[in-house]
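To start, the structure under review is shown below, and the notes come after it.
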Amino acid sequence: MASVDGRLHLCFNGEILNYRQIRRGLDGYPFRTGGDTETLLAAHHRRGAEAVVDLQGQFAYALHDAEAGELTLVRDRLGILPLYYHVDRTGIAFASEIKALLPALRNGPEIDTASLDDYFAQRSVPAPYTLFEGVRKLPAGHRLRVSTSGAMSLERWWSLPEHSRVGVDPARAVDEVAAALEESVGANMVADVPLGAFLSGGVDSSLIVALMSKLRD
């Protein structure tokens with residue numbers, strides 16, 4: 001999707017849960033749609049790179065600024081959605097799945113042996129590496145800026161907040177956890193389509209469904 005002036009182009013995967021609140025703060029932008037994709041685009045158009053700090057949800061996106069000649073790849077705080085990329089002398093390719101990048105590899109898919117060691121030791125490969133040579137994964141809470149000259153800059157845009165330890169009695173702890181869960185479930189019920197839940201019958205999924213029922217009659 002392109003911004004109204006054609007300066008910004010957005011390739012977006014995800015869900016911005018608080019897009020309606022963000023949208024209300026963007027008075028004057030000539031919106032053409034009612035969804036979260038254009039809201040994200042408009043927020044960047046208005047606030048620049050720092051628009052990402054206001055986002056709540058799960059997302060991975062690429063934003064190209066034609067005026068600045070810069071491409072920025074962004075991944076959500078906890079890395080819920082993946083974002084992979086490949087860089088060589090011809091340019092950069094990015095995708096939400098590794099298999100989409102395989103045609104861009106000049107020598108075809110090859111195993112990254114160092115990452116294979118990580119996989120055997122930990123049963124996972126930590127970002128920014130993957131099991132494929134030449135394919136990298138954007139770390140959670142980071143953004144990657146790429147200029148037209150090919151210069152790259154990896155930045156952390158979010159870190160886990162520091163909290164001071166305070167004494168909380170059991171009753172207050174239960175109330176605070178309940179409030180946090182209700183707020184989280186409520187935020188995730190923002191949608192333009194019918195909602196559902198995977199109900200296994202366990203405590204966690206049963207609690208989520210109970211809160212959904214409480215929040216929406």
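The values are calculated or read from the model by the stated rules, or taken from the named source; none is laboratory data. On a predicted model such as this, the values are computed, not experimentally measured, just so you know. We place every Cβ from the backbone using ideal geometry, glycine too, and count neighbours over all the protein chains shown. Surface areas here come from the heavy atoms of the whole protein model, side chains and all, with no ligands, DNA or RNA. Shrake-Rupley method; radii C 1.70, N 1.55, O 1.52, S 1.80 Å.
To the nearest 500 deg cm²/dmol, what mean residue ellipticity at 222 nm is calculated for the chain from DSSP H runs of n ≥ 4 alone, each contributing -39,500 (n - 2.57), summed and divided by the residues?
The per-residue figure over the chain is -8500 deg cm²/dmol.
Rounded to the nearest 0.05, what FRET efficiency do ALA210 and TYR119 give with R0 = 25 Å and r taken as the Cβ-Cβ distance? Could you check?
0.05
Give the average over all directions of the projected area of the C-alpha convex hull of the chain, one decimal, in nm².
16.6 nm²
What distance in nm separates the two pseudo spin-label positions at LEU26 and GLU97, each 7 Å out from Cα along the beta-carbon direction?
So the label points at LEU26 and GLU97 sit 2.9 nm apart.
Solvent-accessible area per residue for the chain at a 1.4 Å probe radius, Å²?
61 Å²
Return the carbon/sulfur percentage of the accessible area of the chain, one whole number, probe 1.4 Å, all protein chains in place.
Using a 1.4 Å probe with all protein chains present, the chain comes out at 54 percent carbon and sulfur.
Which whole-Hz ³J(HN,Hα) couplings does region 136-150 yield from phi under the Karplus relation 6.51 cos²θ - 1.76 cosθ + 1.60, θ = phi - 60°, glycine and proline marked x?
Working through the residues one at a time gives 10, 10, 5, x, 4, x, 10, 9, 10, 9, 10, 8, 5, 7, x Hz.
Among ALA49, ALA197, ALA68, whose mean-square fluctuation peaks in a Gaussian network model of the chain (Cα, cutoff 10 Å)?
Maximum fluctuation in the GNM of the chain, among the listed residues, is at ALA197.
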